[in-house]
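Step one of this worksheet: look at the structure below.
The values are calculated or read from the model by the stated rules, or taken from the named source; none is laboratory data. Keep in mind that this is a model prediction, so the values were computed, not measured. FYI the Cβ positions are ideal-geometry reconstructions off the backbone, even for glycines, and counts take in every protein chain you see.
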Amino acid sequence: MRYLLGLITCSIFVLGTLQAQTPKNSSATDIYHSIEKLNFLGTALYIAAHPDDENTRLISFLSNDVKARTGYLSLTRGDGGQNLIGPELRELLGVLRTQELLAARRVDGGEQFFSRANDFGYSKQPSETLKIWNKEAILGDVVRTIRKFKPDVIINRFDHRSPGTTHGHHTSSAMLSFEAFDLANDSNAYPEQLSSTNTWQPKRLFFNTSWWFYGSEEKFKKADKSNMLHVDVGTYYPMLGMSNNEIASLASSQHLCQGFGRLSSRGTEDEYVELLKGDLPKDKSNLFDGIDTSWSRIEGGKVIGEILYDVQDNFNFKDPTSHLPKLLEAYQLIQKVSDEHWKNLKTTELTTIISAIIGLHLEASSKTSYTNPGQNVEVQIQALNRSGINIELKSLFLNNQNSNIDNIVLNNNELFEKKVDLNIPASTDFTSPYWLMEKGTLGTYTVKNTNLIGKPETPRAFKATFNLNINGVLIPITKPVVYKYAKPDKGEIYQPFEVVPEATASFTDKVLIFADASQKRIPVTIKAHKDSISGTLELKYGKGWQVDKKSQPFSITKKGDEQTVYFTLSPPATENESSISPIIKLNGNEISKELVTIAYDHVPTQTILLPAETKVVRLNIQKAGENIGYIMGAGDEVPTSLKQIGYNVQLIDPATITKESLKNYDAIVLGIRAYNVVDELKFKQRFILDYAKNGGTVIVQYNTASRWASQFENIAPYDLEISRDRVTNENSNVEIIAKDNSLVHFPNEISESDFDGWVQERGLYFPNKWSAEFTPVLEMHDDGEEPTKGSLLIAPYGKGNYIYTGLSFFRELPVGVPGAYKLFSNMLSVGKDKVETKAKIKG
């Protein structure tokens, strides 16, 4: 992986989106590849709905073969998905998937953009999607991206003409792109954007079609392709030592939280794009045919091109520095170009090339990974010229602060180092993803600073600008302030430099369930982000709730240390939903934020500030049984949720399952997609079914049938076929159709009102066929669809019971939906009503 990233450094440097990663050094081959891209003045934009929707083969081909500036606009950040590598869900998952997209672009050479659309979950129709997203707002974001990125060609991943055949988000992305293609050049459309950008008319709009959209390869072979272009994206790059498909495979494998790690592919690979708008190219293997992609497309560019094409045609791989005079000449001419778009873009690219040719290393690294507003931070400055070229560091500024580093001659391979103080103004904003700074809606993030819309990340607050005199030409080069350290098992590591509050607070649990009127002792953890802090902590709570103390003092000596204080919280007598929040009072300020860190090896460490709060729910909930065995699947928080209502939940290692090991549990629950991801279950299935047969209760949560059919004849004791049926409207009507079944009566009475307040969806992957032994309990449907009865099925098996449910308990329980808790408690209690009745009779 590191080898590949080094090879395509040209793309990495141009993007400027890789914050706080180990600097990459460029070989002569890398520099040449960068010059090729410098001399291609064409731009392509790929548009789809989610992270991992993008076609990395085509993005890599356009970037590395065609040499076009290539971007991917993902309308959402994938917040509604699942996470196979960690606990992050919803907003935090969106942050992680954002970084995985950026990691993919660092591999395939593309750039990354987003809209404000929130991935609120699966949607069957674009009409629903666009209503929830706020179509006008998200359409405006697409228009804004087109106006700023200025693509010559746009490629849609999905078909705008086929609503209802795929995810509503997918079709919506294509529909918005189709409409934005013309609106981007209409000055009456979103005129407020024109204060920071200009109208733009792309030349062509394509749909990246394939046999999949036609239903079969045979149908696609017979399809009329007169309006299509065809390219072979399986090309091999001798200078990079890799094929395009190998690069694309590595790029898509960055989506690890979605389980996209895959084998590399090689060889011929056909891609087809269908023209939707614009003129059809004469050369049907060239998306840019007929579009001027030379330097002549801009005023004053012809003479620049003559210089740079000559450098490319006669590139000296043994001594790239021989081209420096010509590159500096071209740099000065670019500064005179009147077209600000191309001037800024090509200045950045050429500056990167010049830096690479002279082996220039420039760095500003903080002594610490984070600081607070109003503080001073020591920053280590490094400047190294690894060539015989005359270079002088004329001055250095940290943002607008003069470092007093002036007129430093950078001799060949002599490292210049100096420590300087960086003042962090008291008004500096805390570091956090910009789209999470304000409360949004179900479908749209709120972003008050419109200049940030579309950006993948919040721009770093502090940068070092090195003003250099290179052979008589003044060139400023800007680098972000980073944090650098070493670990014995990993070596040198770079992290972003963050600005955080002096202290933050957090709860252990995001939801606290009070199953009765008993009070609970609530721990609140305060973390210091500065030495020697002391203050008080209060608890904000809703009407009907009570705490034992108004406030508690705290004092922490060392930055990074923590202190836990406790409040005793008493619930109301009746059912109630509310929230509690900690308020830190420190040096005259009030802080009610939690600091969350996301750290994985394949992406830069992320720091997120979120409102520090916990939902508290008072339930009148009954339960039977006590000991629950839980077999984890793809990962969920259901075990923690069950503990909240008093169950003793033990996680079961599938490898340890025997007939005897399950006997002492009142119920066995399998987590989401357990049969899809836990191979060991194919050897242990007989023990699980025997447990039910001998009087136990087995609860299986949703699985996807296509992924377990090869391992299991059936995951149930009777015939059961899982489909792709789902009910995506979390407010859809639910009817209880098994009115006499104990599942809806014991130990809690379940009514239709218990399905109020559900989030994101009702459920997914419902069975559509089952044997007569199963009893369907519920009926539900989305608008315009036939009712489905497969969301909750129960069947007696021997002395016990088997339950299959596609209801999304994995979403509902962690956010404290009362009705979901009652229904799950009833499932765990199945069969216990008879036991309790017998006990009463004997008594």
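For this structure, a couple of remarks:
- Residue list for segment 122-144, filter: in contact (Cβ under 8 Å) with a residue 24 or more places away in the chain and either among the acidic types (Asp, Glu) or buried (at least 24 other Cβ atoms within 10 Å of the Cβ) (or both): Ser123, Pro126, Glu128, Thr129, Trp133, Ile138, Asp141, Val142, Val143
- Test for Asn703: is it surrounded by 21 or more Cβ atoms within 10 Å (Cβ to Cβ) and either part of a loop (DSSP other than H, G, I, E, B) or at pLDDT below 95 (or both): yes
- Matching residues in segment 145-178 - criterion: being surrounded by 22 or more Cβ atoms within 10 Å (Cβ to Cβ) and of a type in the set (Val, Ile, Thr): Thr145, Ile146, Val153, Ile154, Ile155, Thr171
- Close Cβ contacts (under 6 Å, 6 or more residues apart or on different chains) running from residues in segment 100-113 that are under 17 Å from Ala44 (Cβ atoms) to residues that are in a loop (DSSP other than H, G, I, E, B) and among the polar types (S, T, N, Q) comprise Ala104/Gln254.
- Sub-6 Å Cβ pairs linking a first residue in segment 208-229 that is outside the structural domain of Tyr46 (by TED's automatic domain parsing) to a second residue that is polar (S, T, N, Q) and part of a loop (DSSP other than H, G, I, E, B), at least 6 apart or interchain, number zero.
- Scanning segment 347-379 for residues being part of a strand (DSSP E or B), of a type in the set (S, T, N, Q) and closer than 30 Å to Ala28 by Cβ gives a total of 1.
- Counting the residues of segment 260-280 that are surrounded by fewer than 12 Cβ atoms within 10 Å (Cβ to Cβ) and in contact with a Lys or Arg (Cβ under 9 Å, 6 or more places away or on another chain) gives 1.
- Residue within segment 415-436 that is aromatic (Phe, Trp, Tyr), within 18 Å of the chain's Cα centre (by Cα) and surrounded by 14 or more Cβ atoms within 10 Å (Cβ to Cβ) present: yes
- For segment 655-675, a residue qualifies if it is farther than 23 Å from Ser829 by Cβ, surrounded by fewer than 19 Cβ atoms within 10 Å (Cβ to Cβ) and either of a type in the set (Ser, Thr, Tyr) or touching a residue at least 24 places away in the same chain (Cβ under 8 Å) (or both), and the qualifying residues are Ala655, Thr656, Thr658, Lys659.
- In segment 291-315, the residues that are among the small types (Gly, Ala, Ser) and free of Cβ contacts under 8 Å to residues at least 24 places away in the same chain: Ser296
- Considering residues of segment 721-757 that are part of a loop (DSSP other than H, G, I, E, B), more than 18 Å from Ile794 (Cβ to Cβ) and among the charged types (D, E, K, R) only, the residue modelled with the lowest pLDDT: Glu730
- For segment 323-346, the count of residues that are part of a helix (DSSP H, G or I), on the phi < 0 side of the Ramachandran plot, polar (S, T, N, Q) and buried (at least 16 other Cβ atoms within 10 Å of the Cβ) is zero.
Every residue, every condition in (1) modelled with pLDDT of 95 or more; (2) surrounded by 21 or more Cβ atoms within 10 Å (Cβ to Cβ), yes or no:
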site: His602; (1), (2): no, no
site: Lys623; (1), (2): no, yes
site: Asn627; (1), (2): yes, no
site: Ala634; (1), (2): no, no
site: Thr640; (1), (2): no, no
site: Ile645; (1), (2): no, yes
site: Asp653; (1), (2): yes, no
